[in-house]
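The values are calculated or read from the model by the stated rules, or taken from the named source; none is laboratory data. These numbers were taken from a predicted model, which means no experiment stands behind them. FYI the Cβ positions are ideal-geometry reconstructions off the backbone, even for glycines, and counts take in every protein chain you see.
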Amino acid sequence: MLRLYQSDKLEFLAELLTADNTPPASPFEPEIIVVQSLGMGRWLSLRLADKLGICANVRFQLPASFVWDLLRKFLGELPKRSAFSAEVLTFRILDWLGRPENLDRTPRILGYLRNGDELRRFQLAKRIADLFDQYLIYRMDWIDAWERGEPLGLGGDEDWQALLWRDLASAESTPHRARYMSELRAALESDSAADRLPRRIAVFGVSSLPPAFLEILNAIAGHAEVNLYAINPCREYWGEIRDEREIGRLAGERLPEDLYLEVGHPLLASLGKQGREFFDQLAEHSELHSLFRAEPPRDSILHILQADILELIDRRSAGILPIRPDDRSLQVHACHSPMREIEVLRDQLLALFDADPELKPSDVAVLTPDIEQYTPYIEAVFAESRDAPAIPFSIADRGLTHEQPLLETFLALLDLPESRFAADTTLGYLEQAAIQRRFRLCENDLPIIHHWARAVGTRWGRDGAHKTEYRLPDIPRHTWRDGLKRLMLGYALPLELAGNGFPMFAETLPYDDIEGSRVLVLERFADFLETLFEWADRFKAKQPVTEWVEQLNAFIGRLFDPRDKDESVLLQLRATLDLLRELSEQAGFGEPVGIRVVKRWLTDRLSQPSSTGGFLTGAVTFCAMVPMRSLPFKVIAVLGLNHDSFPRQRHPPDFDLMVRHPRRGDRSRRLDDRYLFLETLLSAREVLYLSYVGRSVRDNAELPPSPLVSELIDVAIQSCESTEGDISRHLVTEHPLQPFDPGYFKDDRRLPGFSSTWLAAARLIGHGDKEPAPLFSGPLPEPEDERRTVDPESFAYFFSNPVRYLLRRRLNLALEDAAAEFEVREPFALDYRTRNQVRQNLLNALAADREPHSALLLADAQGLLPHGRFGEALHGREQRLVESFAVKLLPELVKPRLEPLPVDFEANGLRLLGSLAEVGAGGLTDYSFEEPGPRQIFDLWLRHLMLCLIAPAGATPQSLLHTPKQTITFQAVDRPENELAKLLNAYWRGLSEPLPFFPKTSYAYARYRLDPPARAGSDPETIRLNALKQARSIWEGSEFQSGESVNSYYQTVYRGSNPLDERFEALAVELISPILASMTKEPSR
């Protein structure tokens, strides 16, 4: 007998199930309970154990596996996997589509595949297989008719689908599911069927079943007890209710009243279509037993809505009910982004836990239409932190690839045949620890490898031949093999062997930075690259799936050395590959295919949720919104209810005949989601929390929620009233853009805040107009005595950026971005650095009396130039500039130089100790291809002071700075020790506090202040203010040129404050005025 037990509460159904405690005929006979999801089975097993003390010898089965077990019992041994299952059928159809004679018979498919590749063919095969799988469940009569050759008049696509199905069916001797089901129904009609059936079968918690499955249950009920436990949202008969839009559509030109249809409850009528049809089907076959609450509570908005649905009451005619002002049982939260949704959820949950000490994390479930989108935010926000109470949580329904980065890396590597081998992507593979171990590398080796890649100019490509695949010239520069060649040659032929000669060997410039144990790192890195290149070539081949499986297993062994958790991950991957081989072999598919087809199959397979892990673990459960998983929780939160996200859009193929000819009982993703929303509403016991992105993060524009949320709010307005006014304002909370908004910490129960970090930030809001506190509130303790001695190079480095020197040398704080992005395209112009390097190469060639062409070869080998004629043209332009400049410069550079002169100067307990090099008879000579900046001038000034201090015999105490347009000269300084003493004092102050000396800005201020233009007038204060204005323009910059203040060290120390104060002015004049007094300029002739 088939009995239907219905209730609006899953807990009541569980009690009814446990109440039937008739012992089985044998203690070894398992109790069979059919559930629609593994999560439902887990919940029920915990419920049974809690009620009965133990849950043992209970077999929870999904409907498909239950039917398959029945088939084995009644029809004998069956294949492990049907040849008509969707996964096998995919490869059988793929094989069929690959035969030209078949496509000639199906012009529609031929037209679709004509301009596509094998990947398009595979994707089409998969969609057809999924569609046929649905036909086998919901359209068995079509299958029977097609096999008999009887057209059904279903439209143009019926012809080719019937033809394809007949070919598939005739090629396979084993029956398909429709035939099995017919044979099973016939076997169940026999009198002996009872001997092979369990005494009792329970079907628990389902809200939809295919008609064929219901027929099987009805046939079983003739021999055994079949109890179906179903959630019915309404205890009244609601088979004839329709929402107003459907009534209007059905009425057409007639009056809606003539149809004798009612709305009943608006939410039930709008969201319950799928459940309504299901209960109509059940009513035809079953004996009904009900367990509903006689007097459902109406003490909150949520309970009012649930009770009205249960009793089929429309409040538009029954009257509105009042609610308490503090009723928060139904909450709708509008946020600016998914990240903000998670941040708001955490604080709202903490508020609920604070308000109800009996509420436990296991009483809370958080659902979302797209769990993968929200997982990174969940892990970031809910991870244990010190600034707010931790909430234990678990995440279910994640695909294996999203849980295991190792699998993501594996799938990414399958794209090697199409890879450009860009520097960032290629080096990114080495971030995977299993790959590091396989090539005997470690995390500490990666910065070295990254440095090498940048230094040798690697951008993309294996070699020049690889570039020709992209219709580019066969030029090896900026490729991996060219870079490896430079690195290895640098180890074999260090640059010092070239002496003063030309440093290139066989058109390659050695990179001289490989010594000691680093050569082992280079060797292993080269092995890694060549392995990738080898497999990129292997993956270009086409071969049968079985051979691909062997290749990929070998690839896994060659690329990965798993440890600990990675071992089980790769075992799962190998098991998945074995499954792929089994499916192709069972399908008889031996056609060679490319790696893209294999990757597509693996991606789809590995993206499926792997198990029930993370579900009902005793913590807050985050999971996907899955049909028929309507488990009861005290608090249910649903995230991501955006207008374009839910109900989820499913676009069936345009050849889906079920869409054109629908029947009662058909599954629809959109109807599934609507009924799922209704089940979620009914499953929340105390609080239903809904969240969506309701404001644009860019311009704060309002965004609508899901239409289902809008319907719910509308019905709540029709059902309830509040003394505080508008119900929608009571339900909907609009959240600020930032979590540190002060509103979260003003004792507003709608906006709770628990983060001490955000509280501290909120307290600072409103102080933006005041100057922020500087990083240094006062001087640091006096430096160590060893810092009283400084060498000339460090001395010059200090004055190039005193703040940087303080943070790096004194505080060991480096702010440069060590993980700067890699350049992945060849150069198309010369930047400042490469331009100066090209010019220096040319000058060195002219000085060594080599042909300028050698400098071109060198610049090309260094990777400085764009490829081809364009790079040669740029080099030619620089060559003309250098050649004209060299006429004046080279005679000065070739003059003999003295041996380095010792420098030892002490003043005020500070000592400058080192040497001064490059001094000639004419003093110091420096040069610049462009107009020199203040840093270069100041650096020469420091060396000039040391020259004047030493005053060596045979050398003129002057310094020259040559440029193509002028020559800057520093004349002898009368008392250089006084200037050096001032500079040493400034250096010592700068070791304890930020010294407000900025080479460009200070130089601009002092030059204007001490040598103002004629238009500035003679008023000292006006000149000072104009000088300060000039300095500020250099410091702040403009829209066309960045200012000196953008330096990361300046930004860190001054934090938006104004360092151009009186100390700055005094120091600029003190340090720059001697430079200006000693400096003369003479235009070049």
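At a glance:
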quantity: When residues of the range 49-80 are limited to those that are more than 29 Å from THR174 (Cα to Cα) and in contact with a strand residue (DSSP E or B) (Cβ under 7 Å, 6 or more places away or on another chain), the one surrounded by the most Cβ atoms within 10 Å (Cβ to Cβ); calculated: VAL58
quantity: Unmet requirement for GLU443, which otherwise passes all of (1) modelled with pLDDT of 95 or more; (2) closer than 18 Å to SER517 by Cβ; (3) of a type in the set (Asp, Glu); calculated: (1)
quantity: Checking LEU864 against (1) in contact with a Ser or Thr (Cβ under 6 Å, 6 or more places away or on another chain); (2) of a type outside the set (Lys, Arg); (3) surrounded by 20 or more Cβ atoms within 10 Å (Cβ to Cβ); (4) more than 30 Å from ASP463 (Cα to Cα), the condition it does not meet; calculated: (4)
quantity: Only listed residue being of a type in the set (A, V, I, L, M, F, W, C) and assigned to a loop (DSSP other than H, G, I, E, B), chosen from ALA526, ALA541, ALA536, ALA554; calculated: ALA541
quantity: Subset of the range 984-1018 (residues that are part of a helix (DSSP H, G or I), within 15 Å of ARG787 (Cα to Cα) and within 51 Å of the chain's Cα centre (by Cα)); calculated: ALA986, TYR987, TRP988, ARG989
quantity: Number of the exception - MET40 against (1) touching an Asp or Glu at 6+ places or on another chain (Cβ under 8 Å); (2) crowded, with 19+ Cβ neighbours inside 10 Å; (3) among the aliphatic types (A, V, I, L, M); calculated: (1)
quantity: Test: residue in the range 631-645 that is over 18 Å from VAL332 (Cβ atoms), assigned to a helix (DSSP H, G or I) and either among the hydrophobic types (A, V, I, L, M, F, W, C) or in contact with a helix residue (DSSP H, G or I) (Cβ under 8 Å, 6 or more places away or on another chain) (or both); calculated: no
quantity: Matching residues in the range 1038-1060 - criterion: being within 15 Å of PRO999 (Cβ to Cβ) and either surrounded by 13 or more Cβ atoms within 10 Å (Cβ to Cβ) or aromatic (Phe, Trp, Tyr) (or both); calculated: GLY1043, GLU1044, SER1045, ASN1047, TYR1049, TYR1050, PRO1059, LEU1060
quantity: Wholly enclosed strands (runs of 3 or more DSSP E) of the range 872-933 bearing at least 1 residues closer than 19 Å to SER794 by Cβ and without any contact (Cβ under 8 Å) to a residue 24 or more places away in the chain; calculated: 901-907
quantity: Selection from the range 269-307 of residues that are touching a Ser or Thr at 6+ places or on another chain (Cβ under 8 Å), assigned to a helix (DSSP H, G or I) and closer than 19 Å to SER7 by Cβ; calculated: GLN274, GLY275, PHE278, LEU302, HIS303, LEU305
quantity: The range 983-1010, residues that are among the charged types (D, E, K, R) and in contact (Cβ under 8 Å) with a residue 24 or more places away in the chain; calculated: GLU993, LYS1000, ARG1007, ARG1009
quantity: Qualifying position, being in contact with a helix residue (DSSP H, G or I) (Cβ under 8 Å, 6 or more places away or on another chain), crowded, with 20+ Cβ neighbours inside 10 Å and closer than 21 Å to THR531 by Cα, among PHE421, PHE382; calculated: PHE421
quantity: Lone qualifier among LYS485, LYS467 - being touching a strand residue (DSSP E or B) at 6+ places or on another chain (Cβ under 6 Å) and modelled with pLDDT of 90 or more; calculated: LYS485
quantity: Selected residue (only one of GLN331, GLN373 is in contact (Cβ under 8 Å) with a residue 24 or more places away in the chain, buried (at least 20 other Cβ atoms within 10 Å of the Cβ) and either of a type outside the set (D, E, K, R) or outside the structural domain of ASN642 (by TED's automatic domain parsing) (or both)); calculated: GLN331
quantity: Boolean, LEU1025 is assigned to a helix (DSSP H, G or I) and either surrounded by fewer than 18 Cβ atoms within 10 Å (Cβ to Cβ) or small (Gly, Ala, Ser) (or both); calculated: yes
quantity: Filtered residue count, the range 137-158, keeping only those that are free of Cβ contacts under 8 Å to residues at least 40 places away in the same chain and assigned to a helix (DSSP H, G or I); calculated: 6
quantity: Options ARG486, ARG437, ARG477: the member that is among the basic types (Lys, Arg), in contact (Cβ under 8 Å) with a residue 12 or more places away in the chain and surrounded by fewer than 16 Cβ atoms within 10 Å (Cβ to Cβ); calculated: ARG437
quantity: Condition check for GLY149: farther than 22 Å from PRO662 by Cβ and surrounded by fewer than 18 Cβ atoms within 10 Å (Cβ to Cβ); calculated: yes
quantity: Boolean, ARG386 is assigned to a loop (DSSP other than H, G, I, E, B), basic (Lys, Arg) and in the same structural domain as THR757 (by TED's automatic domain parsing); calculated: yes
quantity: Unique residue being in contact (Cβ under 8 Å) with a residue 12 or more places away in the chain and either under 32 Å from the mean Cα position of the chain (by Cα) or in a strand (DSSP E or B) (or both) when the list is ARG670, ARG663; calculated: ARG670
quantity: Cβ-Cβ under 8 Å pairs, at least 6 apart or on other chains, the range 226-245 side closer than 23 Å to GLU295 by Cβ, far side part of a helix (DSSP H, G or I) and modelled with pLDDT under 85; calculated: ALA230/LEU282
quantity: The range 702-739, subset farther than 27 Å from ALA307 by Cα and buried (at least 19 other Cβ atoms within 10 Å of the Cβ), residue modelled with the lowest pLDDT; calculated: PRO739
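Yes/no per residue for (1) closer than 13 Å to LEU532 by Cβ; (2) of a type in the set (S, T, N, Q); (3) surrounded by fewer than 20 Cβ atoms within 10 Å (Cβ to Cβ); (4) in contact with an Asp or Glu (Cβ under 7 Å, 6 or more places away or on another chain):
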residue	(1), (2), (3), (4)
LEU441	no, no, no, no
GLY461	yes, no, no, no
HIS466	yes, no, no, no
PRO473	no, no, yes, no
